[in-house]
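Contents: one structure, followed by commentary.
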Amino acid sequence: MPGQDSRSGSLFSYVDLEQRVRSDHPLRTIRILVNEALASLDGRFGKVYSKIGRPSIPPEQLLRAMLLQAFYSVRSERQLMEQLDFDLLFRWFVGLGVDDPV
């Protein structure tokens, strides 16, 4: 008799993305380099955005996502959003938590 394939809706998430990405993964080195480059651009990013209005997506996350799109040959932004929705490695690299909306 086969078991049931049932999933519960939302549960508490105790996944630490830092532990899910293996220590020798190439994206770890790339992320360090990208973070250093983005830190040097932080002042420029701040000048571009208005103090009023609704908050935007952090440019650092957008740039990291675009790098993933190039590295993994993701054909479109729609497919990239789909990948970000379920791929823990992509979420970690971009800087999203497990439960953060894409």
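Readers should treat all values here as calculations from the given coordinates under stated rules, not as data from a laboratory. This structure is a prediction, so every number in the text was calculated from the model and none was measured. Every residue, glycine among them, receives a Cβ derived from its backbone with ideal geometry; neighbour counts consider all protein chains shown.
The single residue among L88, L68 that is buried (at least 19 other Cβ atoms within 10 Å of the Cβ) and either hydrophobic (A, V, I, L, M, F, W, C) or closer than 18 Å to R20 by Cβ (or both) turns out to be L68.
Here K47 clears all of (1) surrounded by 10 or more Cβ atoms within 10 Å (Cβ to Cβ); (2) out of contact with any helix residue (DSSP H, G or I) (no Cβ under 8 Å at 6 or more places or on another chain); (3) assigned to a helix (DSSP H, G or I) except the condition numbered (1).
Out of the residues in the range 13-31 that are more than 14 Å from F90 (Cα to Cα) and in contact (Cβ under 8 Å) with a residue 24 or more places away in the chain, which is nearest to the chain's Cα centre (by Cα)? Applying the filter and picking the extreme gives V15. Determine, yes or no, whether E36 is among the acidic types (D, E) and either surrounded by 10 or more Cβ atoms within 10 Å (Cβ to Cβ) or touching a residue at least 60 places away in the same chain (Cβ under 8 Å) (or both). When the stated conditions are applied, E36 does not pass them. Of all residues in the range 12-55, those satisfying the criterion of being polar (S, T, N, Q) and more than 26 Å from D99 (Cα to Cα) are S40, S50.
What is the residue count in the range 50-72 for residues that are among the aromatic types (F, W, Y) and part of a loop (DSSP other than H, G, I, E, B)?
Selection size over the range 50-72: 1.
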